[in-house]
Amino acid sequence: MQGLYPTIWQRIGADRHFSGAATWRLPLKKGPATTTTLLLFFVFVFAAFLSSSWINSSFSSIFTHCMWYYFNLQSTFSATKGIKEDIIILKHQRKIPKRIEIPLNCSTGNETQTCPSNYPTEKSETEINDDPSSNSTCPDYFRWIHEDLRPFKATGITRDMVERAGRTAHFRVVVVKGKVYVEKYRKSIQTRDVFTLWGILQLLRRYPGRLPDLDLMFDCDDRPVIRSSDHHGPNATAPPPLFRYCGDQKTLDIVFPDWSFWGWAEINIKPWESILKEIREGNKRIRWMEREPYAYWKGNPFVAETRKNLLTCNVSEKQDWNARLFVQDWILESQQGYQQSGLASQCTYRYKIYIEGWAWSVSEKYILACDSETLIVKPKFYDFFIRSLQPVHHYWPIRDDDKCRSLKFAVHWGNNHKQKAQAIGRAASDFIQEDLKMDYVYDYMFHLLNKYANLLNFKPEIPEGAVEFCSETMVCNAKGLEKKFMMESLAKGPSITNPCTLPPPYEPHVLGVFLRRKTNSIKQVEEWERRYWESLDKKQ
């Protein structure tokens, strides 16, 4: 089958193989040895002149010039050494910012759990490492911030536009002078609203005084609702800015990190920083080559028809589509203490399937974090980071209209190209571990909210029905896993480093090339798949 799969693999990821350029440096490290050699050379010349009886006035002049060069070189080496010592001293003398830890005030005397008045709300109250060398450029998926806010760039955002977004919102967040005020409209599914608000509060603990005043609406439901078709044409109204967890090609909702980064209490999924570490350790338990050579999926199939359809690809007495599929019963699992749902223990198959539910699924990042090759059934929705991933480099695309045959071929290809399949899994895992660590999640929120606030053409004011929120008002009276996960994900105090540097927007032609490359990679896989099944049909 090797001949069926031409050079696309060789093209993808080639930009990772740049060789470093050699840099020439003046060899001054061995200064003392060099000067000793020069001194011996001049002594030797002087002796030669003596032995030849060439001592005359001209020799006296030559010898004087030689010694002048020697002492000047000696001075140069000494000066260079001094410069190096000064640089070392300056490096050691550079001020290291002190970490400030802000304790929670959950004392019994504070029964109403009011927000502390002494919490820093100005940047100057915290120490920041402003050394430019400590600043990194944000991962490439941050560029989508510009794209998500582009519909509002020409007109800006008015108060009326924000209030129109409240039609489906669960809550409104207003930041004024570094403090957070929340107006709640309706309860979300489970604790989505609670942990989303908790995440925003941790952002302000991490970067106090760094967010401008802002006013936004947040919808915690699954599917995006601001249809772009409703806001086209000469008489169309400007779209209302509505934040949520995912978007699609037909809507204008602003995509924001989901609640589970701070924990999902109802199904015992820990905060992201903890679970990421556990999955990293789980990847080491079974080497990729020793894992089950099938495609694995475990989840709730009853939330969407596409998942029910996936179950028809399970192994049976009549057919083996190279898939091993399991139904997750969360009610039974909670009764048994979540013994069979540990995410770090599910990296035991070479291939893992990601398939959407009612919309985008939280499971996406956990599946990609395993260094198994991820098989993504053609998605309709996207979250804030997935748009930067490339097919055949970070994941393998699966057809949504012929899942079983597509899965069987994907596993067949991987088992016949083990090193390449393993590399795809590792690329996704590395992306999640390095580019989606919690520091970058906060920085994404930081840049998104800053760019959004800059588009407001009105002065945010505290709504009449809003209440001040802070970490104390949320965690002090919380119970069980909700309290545990909040304490585990608590930002202990202000960051001592600046946020990463936001990359510029995509140039239109660059974005076009990126999207065409993604489309062409998917078409190439579909062509390989078609030829594979044609070759099997001819044999029968």
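The values are calculated or read from the model by the stated rules, or taken from the named source; none is laboratory data. Small disclaimer: the values here were computed from a predicted structure and weren't measured. Virtual Cβ from ideal backbone geometry, glycine too; neighbours counted across all protein chains shown. Heads up: the accessible areas ignore ligands, DNA and RNA and are worked out on the full protein's heavy atoms, side chains in. Shrake-Rupley method; radii C 1.70, N 1.55, O 1.52, S 1.80 Å.
Rounded to whole numbers, the Karplus 3J(HN,Hα) couplings from phi for segment 210-219 are 9, 9, x, 4, 8, 8, 9, 10, 10, 10 Hz, using 6.51 cos²θ - 1.76 cosθ + 1.60 with θ = phi - 60°, and x at Gly and Pro.
Summarising the label geometry, the points placed 7 Å from Cα in the beta-carbon direction at residue 467 and residue 107 lie 2.3 nm from one another.
Charged neighbours of residue 225, selected by a Cβ distance under 9 Å, balance to +1 (K, R count +1; D, E count -1).
In summary, the aspartates and glutamates within cross-link reach of residue 378, defined as a Cα separation below 16 angstrom excluding same-chain residues under 8 places away, comprise 248, 305, 356, 364, 400, 401, 402, 526, 527, 529. Taking each of 380/518; 380/459; 187/270; 184/380; 318/352; 408/518 in turn, the alpha-carbon distance tops 25 angstrom for 380/459; 184/380. Distant-in-sequence amide contacts of residue 242, defined by a placed amide H-H separation under 5 Å and a gap of 5 or more residues or a different chain, comprise 254. Extending 7 Å from the Cα toward the beta-carbon at both residue 510 and residue 308 defines two label points whose distance is 4.6 nm. Extension gain for the segment residue 333 to residue 426, taken as residue separation times 0.36 nm less the Cα-Cα distance, is 30.5 nm to one decimal. Extending 7 Å from the Cα toward the beta-carbon at both residue 229 and residue 437 defines two label points whose distance is 4.4 nm. Between residue 412 and residue 378, the contour length at 0.36 nm per residue exceeds the alpha carbon distance by 10.4 nm. Please state the shape class of segment 309-432: rounded when a/c is under 1.5, otherwise prolate if a/b exceeds b/c and oblate if not, all from the C-alpha gyration tensor. Cα axes put segment 309-432 in the rounded bin. Cα centroids of segment 504-524 and segment 402-432: 22 Å apart. The distance from the alpha carbon centre of segment 315-379 to that of segment 193-227 is 29 Å, rounded to a whole number. Reported value for segment 115-263: 147 Å³ per residue, from the convex hull of its C-alpha atoms.
From the Cα gyration tensor of segment 380-517, with a ≥ b ≥ c the square roots of its eigenvalues, which class applies: rounded if a/c is under 1.5, or else prolate if a/b is larger than b/c, or else oblate? Taking the square roots of the gyration eigenvalues as a ≥ b ≥ c, segment 380-517 is prolate. By the equivalent-ellipsoid construction on the alpha carbon gyration tensor, segment 239-282 comes out with semi-axes of 29, 11, 8 Å, ordered largest to smallest.
Within the accessible surface of segment 289-414, defined with a 1.4 Å probe on protein heavy atoms only, the carbon and sulfur portion equals 49 percent. Close amide-amide hydrogen proximity is noted between residue 456 and 157, each under 5 Å apart and 5 or more residues distant or on a separate chain (H modeled in the peptide plane; Pro and chain starts excluded). Taken per residue, the accessible surface of segment 340-467 reaches 33 Å², heavy atoms only and a 1.4 Å probe.
Accessible surface computed residue by residue for segment 146-273, with neighbouring protein chains in place and a 1.4 Å probe, gives 37 Å² per residue. For segment 166-175, putting each phi into the Karplus relation 6.51 cos²θ - 1.76 cosθ + 1.60 with θ = phi - 60° gives couplings of x, 4, 10, 5, 8, 7, 10, 10, 10, 10 Hz, in residue order, rounded to whole numbers and with x for Gly and Pro.
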